[in-house]
Amino acid sequence: MTDLWCRRSGVKETPVDTDLFVVLPESGEIYHLNAIAAALWRLLAEQSSAEAAGDALALAYPDVPREAIDADVQRFIAELHQRALIEKI
């Protein structure tokens, strides 16, 4: 079974150019998301699997090898989950 992920409610976001900053409401901790991580964050506004997110990013970044995209998606999901920015559904 494929894990589904989504943003945690209450996390605030502020875009700055192509980057995105997200803030945990409980602690006020601020996290910087680069363009790829920000794209993943936007995809997680709705629940998504890592595979579906990889598919969407592969379409958006056709010059990036799929293996690199998949590795980035797995890494970003793990990091966002560790920081309590997203949750498993």
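Could you list, in sequence order, the residues of the stretch 48-80 that are outside any helix (DSSP H, G or I) and over 11 Å from Trp5 (Cβ atoms)?
Listed by number, the residues that qualify are Tyr61, Pro62, Asp63, Val64, Pro65.
Run down Arg66, Arg83 and say which single residue is among the charged types (D, E, K, R) and at pLDDT 95 or above.
Residue meeting the stated conditions: Arg66.
Give me a count of the residues in the stretch 1-36 that are within 16 Å of Ile77 (Cα to Cα) and of a type in the set (Val, Ile, Thr).
Counting residues in the stretch 1-36 that are within 16 Å of Ile77 (Cα to Cα) and of a type in the set (Val, Ile, Thr) gives 4.
Can you name the residue in the stretch 54-89 that is in contact (Cβ under 8 Å) with a residue 24 or more places away in the chain and touching a Leu at 6+ places or on another chain (Cβ under 6 Å) and is also nearest to Gly10 (Cα to Cα) among such residues?
Looking at the filtered set, the residue picked out is Ile86.
Would you be able to tell me the number of residues in the stretch 48-61 that are in contact with an Asp or Glu (Cβ under 9 Å, 6 or more places away or on another chain) and either closer than 15 Å to Ile86 by Cα or exposed (fewer than 13 other Cβ atoms within 10 Å of the Cβ) (or both)?
The total comes to 3.
Identify all residues within the stretch 1-47 that are closer than 15 Å to Ala84 by Cβ and in a helix (DSSP H, G or I); write none if there are none.
Trp41
Condition first: exposed (fewer than 15 other Cβ atoms within 10 Å of the Cβ) and touching a Phe, Trp or Tyr at 6+ places or on another chain (Cβ under 7 Å). Now tell me which residues in the stretch 22-46 satisfy that.
Result: Ile30, His32.
The values are calculated or read from the model by the stated rules, or taken from the named source; none is laboratory data. Keep in mind that what you see is a predicted model, and the values were worked out from it rather than measured. So basically every Cβ, Gly included, is an ideal-geometry build from the backbone, and we count neighbours across all protein chains shown.
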